[in-house]
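Report on the following structure.
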Amino acid sequence: DDGEASARARSLAQSVRAAGTSDEGEVYELSLRATLDAPIRLSAENVQRAGTAVRLVNRQTGASHDLRRTSTLELSPTETESQWTLLTGSETFVEREASQLQPESVTLWPNYPNPFRAQTTIEYTLPEAGTVRLEVYDLLGRRVQVLVNGRHEEGLHQVTWNGSDGSGTPAASGIYIVRLQANGTTRSRKMTLVR
(Lines give C-alpha, C1' and ligand atoms only; values in the text may rest on other atoms or scores of the structure.)
Protein backbone atom coordinates (compact mmCIF):
# COMPACT_ATOMS: atom_id res chain seq x y z
CA ASP A 1 0.00 0.00 0.00
CA ASP A 2 1.69 3.17 -1.22
CA GLY A 3 0.60 5.98 1.10
CA GLU A 4 1.19 8.66 -1.52
CA ALA A 5 -0.79 6.90 -4.25
CA SER A 6 -4.45 7.53 -4.92
CA ALA A 7 -7.01 4.86 -4.12
CA ARG A 8 -6.89 3.68 -7.78
CA ALA A 9 -3.10 3.55 -8.01
CA ARG A 10 -1.69 1.23 -5.35
CA SER A 11 1.53 -0.71 -5.57
CA LEU A 12 2.85 -3.78 -3.83
CA ALA A 13 6.54 -4.65 -3.72
CA GLN A 14 8.06 -7.88 -2.43
CA SER A 15 11.59 -9.23 -2.61
CA VAL A 16 11.67 -12.92 -3.56
CA ARG A 17 14.90 -14.85 -3.82
CA ALA A 18 15.51 -18.40 -5.01
CA ALA A 19 16.95 -20.93 -2.56
CA GLY A 20 20.00 -22.01 -4.52
CA THR A 21 21.32 -22.92 -7.93
CA SER A 22 21.08 -26.71 -7.67
CA ASP A 23 17.74 -28.52 -8.02
CA GLU A 24 16.10 -26.21 -5.48
CA GLY A 25 13.58 -23.45 -5.54
CA GLU A 26 10.66 -21.75 -3.88
CA VAL A 27 6.91 -21.72 -4.51
CA TYR A 28 4.85 -18.66 -3.57
CA GLU A 29 1.04 -18.57 -3.70
CA LEU A 30 -0.39 -15.16 -4.65
CA SER A 31 -3.89 -13.76 -4.67
CA LEU A 32 -4.46 -10.64 -6.77
CA ARG A 33 -7.52 -8.50 -6.16
CA ALA A 34 -8.48 -5.66 -8.46
CA THR A 35 -11.40 -3.76 -9.88
CA LEU A 36 -12.36 -5.11 -13.28
CA ASP A 37 -11.75 -1.82 -15.06
CA ALA A 38 -8.18 -1.35 -13.81
CA PRO A 39 -5.26 -3.36 -15.20
CA ILE A 40 -2.67 -4.86 -12.87
CA ARG A 41 0.98 -4.26 -13.74
CA LEU A 42 3.56 -6.69 -12.40
CA SER A 43 7.26 -6.21 -12.86
CA ALA A 44 10.24 -8.35 -11.97
CA GLU A 45 13.77 -7.06 -11.53
CA ASN A 46 17.16 -8.77 -11.22
CA VAL A 47 15.98 -12.13 -12.58
CA GLN A 48 18.60 -12.52 -15.32
CA ARG A 49 21.01 -14.58 -13.18
CA ALA A 50 22.20 -17.68 -15.06
CA GLY A 51 20.50 -20.90 -14.00
CA THR A 52 17.65 -19.15 -12.19
CA ALA A 53 14.16 -19.48 -13.62
CA VAL A 54 11.22 -17.30 -12.57
CA ARG A 55 7.71 -18.16 -13.74
CA LEU A 56 4.28 -16.80 -12.84
CA VAL A 57 1.37 -19.22 -13.39
CA ASN A 58 -2.33 -18.31 -13.36
CA ARG A 59 -4.08 -21.04 -11.34
CA GLN A 60 -7.46 -20.53 -13.02
CA THR A 61 -6.28 -20.58 -16.64
CA GLY A 62 -2.95 -22.38 -16.43
CA ALA A 63 -1.33 -19.51 -18.39
CA SER A 64 2.39 -19.27 -17.66
CA HIS A 65 4.68 -16.21 -17.93
CA ASP A 66 8.49 -16.47 -17.97
CA LEU A 67 9.57 -13.37 -16.04
CA ARG A 68 13.14 -13.57 -17.35
CA ARG A 69 11.87 -12.87 -20.88
CA THR A 70 9.07 -10.48 -19.93
CA SER A 71 10.05 -8.27 -17.03
CA THR A 72 6.72 -6.41 -16.96
CA LEU A 73 3.25 -7.93 -17.33
CA GLU A 74 0.00 -6.04 -17.67
CA LEU A 75 -2.93 -8.19 -16.67
CA SER A 76 -6.54 -7.27 -17.37
CA PRO A 77 -8.53 -9.20 -14.78
CA THR A 78 -11.82 -10.82 -15.78
CA GLU A 79 -12.66 -11.53 -12.14
CA THR A 80 -12.17 -9.43 -9.00
CA GLU A 81 -9.77 -11.99 -7.53
CA SER A 82 -7.33 -14.33 -9.25
CA GLN A 83 -4.98 -16.98 -7.86
CA TRP A 84 -1.37 -17.23 -9.04
CA THR A 85 1.74 -19.23 -8.22
CA LEU A 86 5.23 -17.72 -8.46
CA LEU A 87 7.98 -20.28 -9.04
CA THR A 88 11.64 -19.36 -8.66
CA GLY A 89 14.76 -21.50 -8.57
CA SER A 90 16.66 -23.83 -10.85
CA GLU A 91 15.37 -24.56 -14.36
CA THR A 92 14.69 -28.17 -13.35
CA PHE A 93 12.75 -27.19 -10.23
CA VAL A 94 10.60 -24.59 -11.98
CA GLU A 95 9.80 -26.91 -14.93
CA ARG A 96 8.86 -29.74 -12.57
CA GLU A 97 6.62 -27.55 -10.39
CA ALA A 98 4.98 -25.81 -13.36
CA SER A 99 4.10 -29.15 -14.97
CA GLN A 100 2.21 -30.12 -11.79
CA LEU A 101 0.10 -26.94 -11.70
CA GLN A 102 -3.23 -27.43 -13.41
CA PRO A 103 -6.25 -25.14 -13.59
CA GLU A 104 -8.51 -25.64 -10.56
CA SER A 105 -11.89 -25.80 -12.30
CA VAL A 106 -13.67 -25.90 -15.65
CA THR A 107 -13.89 -22.24 -16.65
CA LEU A 108 -15.42 -20.50 -19.65
CA TRP A 109 -13.82 -17.07 -19.95
CA PRO A 110 -15.53 -14.00 -21.48
CA ASN A 111 -15.08 -13.92 -25.24
CA TYR A 112 -13.15 -11.06 -26.79
CA PRO A 113 -13.89 -8.80 -28.44
CA ASN A 114 -17.49 -8.57 -27.25
CA PRO A 115 -19.48 -7.18 -29.02
CA PHE A 116 -17.82 -8.34 -32.24
CA ARG A 117 -18.29 -8.04 -36.01
CA ALA A 118 -16.11 -10.48 -37.92
CA GLN A 119 -14.91 -12.94 -35.29
CA THR A 120 -14.47 -13.46 -31.55
CA THR A 121 -12.12 -15.59 -29.46
CA ILE A 122 -13.51 -17.97 -26.83
CA GLU A 123 -11.19 -19.37 -24.15
CA TYR A 124 -11.82 -22.16 -21.66
CA THR A 125 -9.72 -24.10 -19.17
CA LEU A 126 -9.88 -27.72 -18.10
CA PRO A 127 -8.43 -29.04 -14.82
CA GLU A 128 -8.10 -32.50 -16.38
CA ALA A 129 -8.37 -34.12 -19.79
CA GLY A 130 -11.84 -35.05 -20.95
CA THR A 131 -14.55 -34.82 -23.58
CA VAL A 132 -15.46 -31.24 -24.48
CA ARG A 133 -18.43 -29.85 -26.38
CA LEU A 134 -18.52 -26.11 -27.14
CA GLU A 135 -21.64 -24.84 -28.93
CA VAL A 136 -23.25 -21.55 -29.91
CA TYR A 137 -27.02 -21.06 -29.50
CA ASP A 138 -29.38 -18.24 -30.37
CA LEU A 139 -31.80 -16.80 -27.80
CA LEU A 140 -34.55 -19.17 -28.94
CA GLY A 141 -32.37 -22.13 -27.95
CA ARG A 142 -31.55 -23.23 -31.49
CA ARG A 143 -28.03 -24.53 -32.01
CA VAL A 144 -26.17 -22.26 -34.43
CA GLN A 145 -22.70 -23.84 -34.51
CA VAL A 146 -20.69 -26.63 -32.85
CA LEU A 147 -17.19 -25.25 -32.31
CA VAL A 148 -15.59 -28.15 -30.40
CA ASN A 149 -16.64 -31.76 -30.01
CA GLY A 150 -13.97 -34.17 -28.82
CA ARG A 151 -11.38 -35.04 -26.25
CA HIS A 152 -9.00 -32.32 -25.03
CA GLU A 153 -6.06 -32.21 -22.64
CA GLU A 154 -6.04 -30.16 -19.44
CA GLY A 155 -5.08 -26.49 -19.56
CA LEU A 156 -6.10 -23.39 -21.48
CA HIS A 157 -7.79 -23.77 -24.88
CA GLN A 158 -8.74 -21.13 -27.44
CA VAL A 159 -11.37 -21.25 -30.21
CA THR A 160 -12.39 -18.61 -32.76
CA TRP A 161 -15.98 -18.17 -33.96
CA ASN A 162 -16.48 -16.24 -37.20
CA GLY A 163 -20.18 -15.51 -36.61
CA SER A 164 -21.49 -18.11 -39.06
CA ASP A 165 -23.77 -21.09 -38.62
CA GLY A 166 -22.91 -24.74 -39.31
CA SER A 167 -23.43 -24.32 -43.08
CA GLY A 168 -21.17 -21.25 -43.27
CA THR A 169 -24.00 -18.73 -43.59
CA PRO A 170 -23.36 -15.51 -41.61
CA ALA A 171 -25.55 -15.37 -38.48
CA ALA A 172 -27.79 -12.34 -37.91
CA SER A 173 -26.90 -9.56 -35.49
CA GLY A 174 -27.98 -10.31 -31.96
CA ILE A 175 -27.14 -11.99 -28.69
CA TYR A 176 -25.87 -15.56 -28.73
CA ILE A 177 -25.06 -18.02 -25.95
CA VAL A 178 -21.83 -20.00 -25.98
CA ARG A 179 -22.16 -23.21 -23.93
CA LEU A 180 -19.28 -25.37 -22.70
CA GLN A 181 -19.82 -28.94 -21.50
CA ALA A 182 -16.78 -30.68 -20.00
CA ASN A 183 -16.12 -33.20 -17.23
CA GLY A 184 -19.77 -33.23 -16.14
CA THR A 185 -19.86 -29.42 -15.87
CA THR A 186 -21.76 -26.91 -18.01
CA ARG A 187 -20.81 -23.24 -18.33
CA SER A 188 -22.34 -20.56 -20.56
CA ARG A 189 -21.84 -16.90 -21.47
CA LYS A 190 -23.53 -14.29 -23.67
CA MET A 191 -21.91 -12.92 -26.83
CA THR A 192 -23.13 -10.02 -28.96
CA LEU A 193 -22.73 -10.14 -32.75
CA VAL A 194 -23.05 -6.79 -34.56
CA ARG A 195 -23.25 -6.79 -38.36
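The convex hull built on the alpha-carbon positions of the stretch 69-195 has an orientation-averaged projected area of 9.7 nm².
Which percent of the accessible heavy-atom area of the stretch 135-195 goes to carbon and sulfur, probe 1.4 angstrom?
Values: 1590 of 3520 Å².
Accessible surface attributable to carbon and sulfur in the stretch 135-195 totals 45 percent.
Before I look further, what does the stretch 53-195 give for accessible area per residue, probe 1.4 Å, in whole square angstrom?
Per-residue accessible area for the stretch 53-195 comes out at 50 Å².
Accessible area of Arg96 (1.4 Å probe, protein heavy atoms only, ligands and nucleic acids ignored): about 90 Å².
The values are calculated or read from the model by the stated rules, or taken from the named source; none is laboratory data. Bear in mind the structure is a predicted one, so any value in this text is a computation, not a measurement. Ligands, DNA and RNA are stripped out before the accessible areas are found, and what is left, the full protein with its side chains, is counted by its heavy atoms. Shrake-Rupley method; radii C 1.70, N 1.55, O 1.52, S 1.80 Å.
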